[in-house]
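J.: This structure is in structure tokens; I'll ask about it shortly.
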Amino acid sequence: MQLGYFKIRRLFFNFELREVSADVEFIRQKYFPDEITEVDNLPKIAVNTLLKHRRIIAELHNYQFCGRRKRNLIEKIARNSARISSKPIFIFREIIHFLEVNRIILSAYSFLQDIVSQSLIAEAQRLKTILQNKLTTADIKQLDELFSDSGGLYEITNLKREPKDFTLSEIRREIERDVKIKELYQTGKQILPLLEISNQSIAYYASLVSYYRVDKRGAF
């Protein structure tokens, strides 16, 4: 029964014999035709026996169990994947790919959830630490000014607004905005390579500017 389930799903499941009574009856008739014991009266399979059978099945199919060393590798893969994309589904798929290629039996879903969550938290902390170490007081002041209320609009809101037309006054406003953020642009060019993240991640973090309201910037 364990072998049949493993062939299909590459996973081991815990179950009671009465839940697979049809399989038990088939085995009884084929190998123990003189036994008439009801399924409910059969002794429970010992844990050691169960684990022994699982190891044999795994070896027959050239699969490995996910021990501590494998889990450490999965954690490393998850953290590296978080630098490429902050989407949980991407990190999850990278882990699954690693398990399939290396013929490792899938870990508990709760473990995978924790690994993905922890990798995203670790990545956020890594980026935060780099920014804290690399941004100067002047850089931080300029960033804070983007969230200052100027004439009823936040500066960052003004930056996001497209020119109304190509009149001289609109072009001048665009030039003024460019001058304001020129230094921040140069700072960004210096710091982005230090973050060691993909273009996909850069685009994702940039998209948060449009996704979150300015007064909810603590959500970044």
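J.: Would you call I96 of a type outside the set (K, R) and either part of a loop (DSSP other than H, G, I, E, B) or open to solvent by less than 50 Å² (accessible area, probe 1.4 Å) (or both)?
T.: yes
J.: While we're looking at this one, here's another question. If you take the residues of region 158-198 that are within 24 Å of A124 (Cβ to Cβ) and charged (D, E, K, R), which of them is least open to solvent (accessible area, probe 1.4 Å)?
T.: Step by step, filter region 158-198, then rank; the result is K160.
J.: Would you check which residues across region 66-80 are assigned to a helix (DSSP H, G or I) and either of a type in the set (K, R) or free of Cβ contacts under 8 Å to residues at least 40 places away in the same chain (or both) and list them?
T.: R68, R69, K70, R71, N72, L73, K76, I77, R79, N80
J.: Taking interchain pairs and intrachain pairs at least six residues apart, which have beta carbon atoms under 6 angstrom, with the first residue in region 41-65 and in a loop (DSSP other than H, G, I, E, B) and the second open to solvent by 70 Å² or more (accessible area, probe 1.4 Å)?
T.: N62/R103; Y63/R103
J.: With the requirement that a residue be within 29 Å of the chain's Cα centre (by Cα), polar (S, T, N, Q) and not in a helix (DSSP H, G or I), what does region 165-202 give you?
T.: The answer is S198, and nothing else.
J.: Now for a different question. Among the residues of region 30-53 satisfying the criterion of being basic (K, R) and at pLDDT 80 or above, which is nearest to N14 (Cα to Cα)?
T.: K52
J.: Take the residues in region 131-157 that are open to solvent by less than 60 Å² (accessible area, probe 1.4 Å), in a loop (DSSP other than H, G, I, E, B) and more than 14 Å from T187 (Cα to Cα); name whichever of them is modelled with the lowest pLDDT.
T.: Applying the filter and picking the extreme gives S148.
The values are calculated or read from the model by the stated rules, or taken from the named source; none is laboratory data. Keep in mind it's a predicted model, so treat the numbers as computed, not measured. Counting neighbours? That spans all protein chains shown, and the Cβs are built from the backbone with ideal geometry, glycine included. Quick note on the areas: whole protein, heavy atoms, side chains included, nothing else; ligands and nucleic acids left out. Shrake-Rupley method; radii C 1.70, N 1.55, O 1.52, S 1.80 Å.
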